[in-house]
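Here the structure comes first, spelled out in C-alpha cells, and everything after it is commentary.
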Amino acid sequence: MKLKIFIGVIILLPVIAHVAFAFAASPVTGYYVTIDEFAARTANTPARVGGQVVPGSIRWDNATHTLRFQAASDNAKIDVAYRAPAPDAFRDGVTVIFEGARAADGSFVATSLMVKCPHQYLPAG
C-alpha cells in the first residue's frame, strides 16, 4: 500500500510542478507590466506593456501605415511603433496596453494595441 502511494506521488509531483509553472507564467497572473518595469528588463523578450499616451506625441505615417507615439509611466517613457490603424478610443492621455518586443534602436514594436477602458464613463459637458 505504501509503495502505491509513493509511486503516485512520484508521478503526480512533476504534473503539479508543471501546472504551477504554467499558471505563474500565464497572462492571468500578470496581465501587463508597467513601462517602468519593462524599462528595467535587460532581456529582449516579448511583453505586454501598459502606460499612458504622452500628449502631443501621436504621429501617423501614411506612407508606411505606421502609428508612432510615446507611452509613459511614473519614471520612464518609451517610443512605440504600431503598423496598423489606431483603435477608435486612442488619443492623448489614454491608458494603452500594447504587445510586442523591443527593437534594436530601443523603441518598442507593437503587434497589438488596446485602449484600456476607464472604470466609469462621464457624460460630455
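The values are calculated or read from the model by the stated rules, or taken from the named source; none is laboratory data. Everything quoted here is computed from the prediction, not taken from an experiment. So basically every Cβ, Gly included, is an ideal-geometry build from the backbone, and we count neighbours across all protein chains shown. Accessible surface is based on the protein model in full, side chains and every heavy atom, while ligands, DNA and RNA are left aside. Shrake-Rupley method; radii C 1.70, N 1.55, O 1.52, S 1.80 Å.
Couple of notes before you dig in:
- Simple spin-label estimate for Asp88 and Trp60 in nanometres, 7 Å along Cα-Cβ: 1.5
- For the stretch 95-102, the Karplus equation 6.51 cos²θ - 1.76 cosθ + 1.60, evaluated at θ = phi - 60°, returns couplings of 8, 10, 10, 9, 10, x, 8, 6 Hz by residue, with Gly and Pro reported as x.
- Placing +1 on the Cβ of every Lys and Arg and -1 on the Cβ of every Asp and Glu, with nothing else charged, gives the chain a dipole about its Cα centre of roughly 480 debye.
- With respect to the chain, whose longest principal axis is taken over its alpha-carbon atoms, helix 2-25 is tilted by about 0°.
- Rolling a 1.4 Å probe across the protein heavy atoms gives the stretch 3-105 an accessible surface of 67 Å² per residue.
- Ranked order, Ile7, Ile35 - accessible area, probe 1.4 Å, largest first: Ile7, Ile35
- Across Ala39, Ala76, Ala63, mean-square fluctuation computed from a Gaussian network of the chain (C-alpha pairs under 10 Å connected) peaks at Ala63.
- Highest to lowest packing among 88-97, 66-75, scored as the average C-beta count within 10 Å: 66-75, 88-97
- (i) 11.4; (ii) 12.5; (iii) 9.2, with the label sought being that of the calculated mean projected area of the Cα convex hull in nm²: (ii)
- GNM flexibility winner over the chain from Arg41, Arg102, Arg83 (Cα, springs under 10 Å): Arg41
- Share of carbon and sulfur in the accessible area of the chain stands at 63%, probe radius 1.4 Å.
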